[in-house]
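Asker: Sending over a structure as structure tokens; questions will come in a sec.
The values are calculated or read from the model by the stated rules, or taken from the named source; none is laboratory data. Bear in mind that the values here come from a model prediction, so they are computed numbers and not experimental data. A quick note on method: Cβ atoms are made from the backbone with ideal geometry, for glycine too, and the neighbour counts reach across all protein chains shown.
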């Protein structure tokens, strides 16, 4: 195509056709070449006046496509000569499914191999979980029929049409005998459960929650491994007065003296406690919690994140990125200054793939987000446009140096 004669309107229309997938193969190659060259600031087909006009139009069109959630503080990038190229490129990637910004740029071709016959295709995760009842029987929730699944004491276990698991019981879920249940998600799975006291819990992939079918005594205790978001119901103690405490024991297989727990007072919070992460992170969205490690105790306020290292030491971030911590619950991957290994661990859990590194791990730091319903090819393409290069073989992703 003759890019030397392209005006601002033609340039904006070309990007729009690329986003919709209606441009020719030649135009597609030109756009992708333009993006790579723009990042090195060595190419610009427009005069300064035409550049400003194109910047205004592209910014306006793309901004209309994006939700207020994706771009929270739009910047009038067209007002500064040549600055809009960087912003338009970033917004362009956001509009096509996600975006990343990196340092240490490289240019290596993406390698995607067709899975071998019989290999399960790589797809985004979904509502998948196992429910283990007190008698040891196991229910596969993603294939179980909707309706009543079990009755344990005074509690009826229901699977709703939207896949949500609900425990319904009178008397705030209290009953005489303790019947412990466990809901667990595999790699590529997530699930929501409503506990008998009305507390709502969202489980991320590779996570489990152990809880009683009905709460007894003067406190509510559950056990968590992996990651979960809690909306804890406020329940009065028997006879009224004080609220019944809610406690989350984290990774309960640890020795009693080394356990971390969260003491809750009717609130919303996220706990990320994967064993392959460097710390256990509790992020408070609303209300109040106390984070308790083997060595320290911290009372948290909304907007704070407590991080407990494996040795029990604790750091409280007064100004945590709450949206990043809970993005998974809202259907997004979101990263702020994350390294390659952190990003790839999230991808591995959600897409049920293994990750390998061919040589030294790339040193890039990530800023950005991707919808969790993106197929793996879209994710790899986004990484490729951002100069993180991968080789896919079946269900294995190798990050190239």
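Asker: Is there any pair with a first residue in region 305-319 that is free of Cβ contacts under 8 Å to residues at least 24 places away in the same chain and in the same structural domain as residue 271 (by TED's automatic domain parsing) and a second that is part of a strand (DSSP E or B) and exposed (fewer than 13 other Cβ atoms within 10 Å of the Cβ) whose Cβ atoms are under 9 Å apart and which are 6 or more apart or on different chains, and what are they?
Answerer: 314/297
Asker: Looking only at residues in region 335-346 that are in contact with a helix residue (DSSP H, G or I) (Cβ under 9 Å, 6 or more places away or on another chain) and in a helix (DSSP H, G or I), which one is nearest to residue 127 (Cα to Cα)?
Answerer: Step by step, filter region 335-346, then rank; the result is 346.
Asker: Also, I was wondering about something else. For region 351-366, what are the residues that are exposed (fewer than 15 other Cβ atoms within 10 Å of the Cβ) and more than 12 Å from residue 388 (Cβ to Cβ)?
Answerer: 354, 356, 358, 359, 360 - these are the residues of region 351-366 that are exposed (fewer than 15 other Cβ atoms within 10 Å of the Cβ) and more than 12 Å from residue 388 (Cβ to Cβ).
Asker: Across region 203-224, what is the total count of residues that are under 14 Å from residue 183 (Cβ atoms) and surrounded by fewer than 20 Cβ atoms within 10 Å (Cβ to Cβ)? It would help to see each step written out before you state the result.
Answerer: Of region 203-224, the ones under 14 Å from residue 183 (Cβ atoms) are 203-213, 222-224.
Retained after the next criterion (residues that are surrounded by fewer than 20 Cβ atoms within 10 Å (Cβ to Cβ)): 208, 210, 223.
Total meeting the criteria: 3.
Asker: Only strands (runs of 3 or more DSSP E) wholly contained in region 139-224 count here; list those with 2 or more residues that are closer than 23 Å to residue 373 by Cα.
Answerer: Because the criterion is at least 2 residues that are closer than 23 Å to residue 373 by Cα, the strands (runs of 3 or more DSSP E) in region 139-224 that meet it are 180-185, 189-194, 200-203, 207-212.
Residue by residue, here is whether (1) touching a strand residue (DSSP E or B) at 6+ places or on another chain (Cβ under 8 Å); (2) assigned to a helix (DSSP H, G or I) holds:
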residue: 326; (1), (2): yes, yes
residue: 348; (1), (2): yes, yes
residue: 370; (1), (2): yes, no
residue: 373; (1), (2): no, no
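Asker: Among residues belonging to region 378-398 that are assigned to a helix (DSSP H, G or I) and in contact with a strand residue (DSSP E or B) (Cβ under 7 Å, 6 or more places away or on another chain), point out the one that is surrounded by the fewest Cβ atoms within 10 Å (Cβ to Cβ).
Answerer: Per the stated criteria, the residue is 382.
Asker: Moving on to the next point. Please determine, by comparing only the residues of region 229-244 that are part of a loop (DSSP other than H, G, I, E, B) and either within 26 Å of the chain's Cα centre (by Cα) or surrounded by 16 or more Cβ atoms within 10 Å (Cβ to Cβ) (or both), which one is modelled with the highest pLDDT.
Answerer: 232
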